[in-house]
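Step one of this worksheet: look at the structure below.
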Amino acid sequence: MLDQLFNPSVQHVIDLVGIFVFAISGALLAVRKNFDVFGIAVLAEVTALGGGLLRDLIIGAVPPAAFSDLGYFLTPLLAALLVFFLHPEVERIQVGANIFDAAGLGLFCVAGTVRAYDYGLGLTSSAALGLATAVGGGVLRDVLANEVPSLLRWDRDLYAVPAIVGATMVALCIRYDVLNAFTSGLAVVTAFVLRLLAMRYHWRAPRAWHRRSTAIEVPE
Amino acid sequence: MLDQLFNPSVQHVIDLVGIFVFAISGALLAVRKNFDVFGIAVLAEVTALGGGLLRDLIIGAVPPAAFSDLGYFLTPLLAALLVFFLHPEVERIQVGANIFDAAGLGLFCVAGTVRAYDYGLGLTSSAALGLATAVGGGVLRDVLANEVPSLLRWDRDLYAVPAIVGATMVALCIRYDVLNAFTSGLAVVTAFVLRLLAMRYHWRAPRAWHRRSTAIEVPE
Amino acid sequence: MLDQLFNPSVQHVIDLVGIFVFAISGALLAVRKNFDVFGIAVLAEVTALGGGLLRDLIIGAVPPAAFSDLGYFLTPLLAALLVFFLHPEVERIQVGANIFDAAGLGLFCVAGTVRAYDYGLGLTSSAALGLATAVGGGVLRDVLANEVPSLLRWDRDLYAVPAIVGATMVALCIRYDVLNAFTSGLAVVTAFVLRLLAMRYHWRAPRAWHRRSTAIEVPE
């Protein structure tokens, strides 16, 4: 069972940590958009659970983990509560939040790929779903907040690439039958570090060829 | 069978009424956004059936009721047709529409919770899905119309709370084994009346702590 | 087996062509919105596969074709690559792209209806899902790009009607047991030609009654 790479309770704690940090990012956006306390809770839930929910619907794992494990449901509410009362403090430690978010990205792209493969998908599809798990919650968050998903914008630091690298590493490990706690941990760390470097050095992806020099920007 | 709380044909009529009133709200927004007749029909369908569709996908009830019962599909088209020809009259009776919408909210939060529990979900998850059933269609409506979901906005009267109360009452009734036509009807009425009171007295949920006094609003 | 109307490999090629042309339209919008290369790829994938994915989730065909066939996944990436390097040329042949998009619309509304009926849905629901297959990807594309879906806007040439006609023709053929390669091909061509005529003569759908003369437009 690939799903049992880690001790189950260790895996569970890792999942909850990933959910928590993603929920924080959703709740902070809700505060910035001036939503009320329920808007904050909804955006925290959607950001934290949206990617995994999408993945579970696609692989046919119903009811999704988000609805069969109470901890998955309550963790984002806790994050929303923290942000509700402490948001100036939470924003001040935004750098810390970004580091946690990067950790969530690494964890989710690996866990998503493994879970999709466990449900019988091919390697490429599994890696694609790993990516969707990692970035899906953030996209739903931005759509609900009526903003262009930051995943798609050229003026944001690389977000997809670290997740793609992590998911691809897992797929290759499965392909060559060397997936274990060490190699999957390595994939998590690689995605995590790549994201940290992308933020530190403002790595960006190119826009369409010949467009880079255009002065006219699409207003948003 | 919890699903058979009411006489099936009574339940069916109740569902169709809820679908109809939600469809009216979707069609009216489409007219306000200047959509064409197909846009009106699409927004009516999505608003009326979106919440239940989401719930059915999550609990694994495929094909969802929205696609297995012709009445569910045709009712929003009827609502769209009415709004298309009579929208000034329909808008004039907006107060009436709001009352119907509140009734839909009450009905859907209860029916959604019961159905989710019937499919084997836990009590908390069932109540969460009841809430999602009640508010999901409206969120999809606002996303398609490219607006910030009114569910999330602080400057709208309470919408989630009545549905949360109704869904929680059902979950508690199931927990203590006292769910019957009377208690579930009571939950519907409670959610309905709470929503009416929220509209009458403009009850609002608080925004994040220390934010209430800020003069700067996020432009939308 | 309705699904085997055509030689399977012929059907597969047809699907890939439809996916390719829809992906081009997604990638072009991404360039216009100034997204980076990953945004272009994501929007190409979502536009090309979104409608079919939605349909497969609703009929319970998991994992959806989009994730079980590698060609379905790679074709949009190829389209994204082409647009990335050649977008001025691709935009110049926008007329050509529109013709391909119309072909995709015709193919998808027919294939979607057949597939939904194969999974046991009723005729009306099958036609509705055929329509959703044909237009769903474009709606998701516009939602992710934070625009009002062009499907809903009154100032765009008819898009839904050709797909409705094609899907309805297929449903009627199934009803009267005359669905074969010829009649379904006829449905594809009818939808295709109707869309071309709608673009050529700027056919539009009416807005709500009595609204046509209002000078005040909702700003978007």
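The values are calculated or read from the model by the stated rules, or taken from the named source; none is laboratory data. Note that the coordinates shown come from a computational prediction; the quantities given were computed from them, not determined experimentally. Backbone-built Cβ (ideal geometry, glycine too); neighbour counts: all protein chains shown. These area figures cover heavy atoms from the full protein model, side chains too; ligands, DNA and RNA do not enter into them. Shrake-Rupley method; radii C 1.70, N 1.55, O 1.52, S 1.80 Å.
The candidates B:ARG32, A:ARG175, arranged from most to least accessible area with a 1.4 Å probe in the full protein assembly, appear as A:ARG175, B:ARG32.
Placing unit charges on each Cβ (+1 for Lys and Arg, -1 for Asp and Glu) gives the protein assembly as shown a dipole about its Cα centre, and among C:GLN11, B:ALA102, C:ALA111 the Cα reaching farthest toward its positive end belongs to B:ALA102. Ordered by 1.4 Å accessible area with all protein chains kept, B:HIS12, C:HIS202 run largest first as C:HIS202, B:HIS12. Per residue, region C:2-200 exposes 37 Å² of solvent-accessible protein surface, assessed with a 1.4 angstrom probe and all protein chains in place. Taking the helices alone, chain B has a mean residue ellipticity at 222 nm of -24500 deg cm²/dmol, built from -39,500 (n - 2.57) per DSSP H run of at least 4 residues and averaged over all its residues.
Beyond 31 Å, what share of the Cα-Cα pairs of the protein assembly as shown remains, rounded to the nearest whole percent? The answer is 52 percent, as a whole percent.
Give me the Kirkwood hydrodynamic radius of chain A in Å, from all C-alpha pairs, to one decimal place? Walk me through the numbers before you get to the answer.
Values: mean 1/r = 0.0565 Å⁻¹.
Kirkwood hydrodynamic radius for chain A: 17.7 Å.
A dipole drawn for region C:2-200 from +1 and -1 charges on Cβ atoms has a positive end, and of C:LEU172, C:GLY185, C:GLY39 the residue lying farthest that way is C:LEU172. Taking the Cα centre of chain A as origin and assigning +1 to Lys and Arg Cβ atoms and -1 to Asp and Glu Cβ atoms, the resulting dipole is close to 660 debye.
Ligands, DNA and RNA excluded, the heavy atoms of B:VAL114 present near 10 Å² of accessible surface to a 1.4 Å solvent probe.
Other residues with beta-carbon under 13 Å from the beta-carbon of A:GLY26 carry, at +1 per Lys or Arg and -1 per Asp or Glu, a net charge of -1. Ordering B:ARG55, A:ARG115, C:ARG200 by accessible surface, largest first, gives C:ARG200, A:ARG115, B:ARG55; the 1.4 Å probe counts only protein heavy atoms, with every chain in place. Among C:ASN34, C:ASN98, C:ASN180, the residue with the largest mean-square fluctuation in a Gaussian network model of chain C, with springs joining Cα atoms closer than 10 Å, is C:ASN34.
Quick one: buried accessible area between C and A, total over both chains, 1.4 angstrom probe, nearest 100 Å²?
2600
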